[in-house]
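The structure appears below as structure tokens.
The values are calculated or read from the model by the stated rules, or taken from the named source; none is laboratory data. This one's a predicted model, so the numbers in the text were calculated from it and none came from an experiment. Neighbour counts are summed over all protein chains in view; Cβ atoms, including those assigned to glycine, are modelled from backbone coordinates with ideal geometry. Accessible surface is based on the protein model in full, side chains and every heavy atom, while ligands, DNA and RNA are left aside. Shrake-Rupley method; radii C 1.70, N 1.55, O 1.52, S 1.80 Å.
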Amino acid sequence: MPRTVHVGLTLGIAALTGALVAVRAPDAGLPAALAGTQLLAGLASGLAVSPNQTQVLQHAPAEAAGVGGAILQMAQRIAAAVCLSAVPAVYLHATPGSPRAAYALASCVCAGLLAVALLLSLTRGSATPPKPPARVATKPTNAEVP
């Protein structure tokens, strides 16, 4: 499962750096080029997000799984809010008058964030092995009682 996250993050970095090439496409081919990079970025997100959630939640004890899921969702929403305000700010203020250059710079910022995530994933991936599943105590049946 960690390899799937690593592959997804690497593919995301490749897709976003591919946007640097896509913005140099002629006007007629630009929509298709950008759609291709966004398709790859979406595929990368699908490869990284779900296995990452599974990896995070497998460390939560069974009795706190709901709380663990809620904290994970809260962290994801805060990160999304920060990124959804920071990246458009880079796009709008970095290179006024040049939308292609602004898109390329915003894509580089996103690729940089994914590179940091990949580095953290590679260095921390095996830091904490998952806990074995907790055993649930059961009542003995009549057949088991001597």
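Does Ala80 satisfy being touching a helix residue (DSSP H, G or I) at 6+ places or on another chain (Cβ under 8 Å) and closer than 30 Å to Arg24 by Cβ?
no
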**Report entry** Selected residue (criterion: nearest to the chain's Cα centre (by Cα)) from residues of the range 1-37 that are more than 20 Å from Tyr91 (Cα to Cα), of a type in the set (A, V, I, L, M, F, W, C) and not in a helix (DSSP H, G or I)
**Finding:** Met1
Report task. For the range 89-109, name all the residues that are open to solvent by less than 70 Å² (accessible area, probe 1.4 Å) and over 19 Å from Ala15 (Cβ atoms). Result -> Ala89, Ala94, Thr95, Ser98
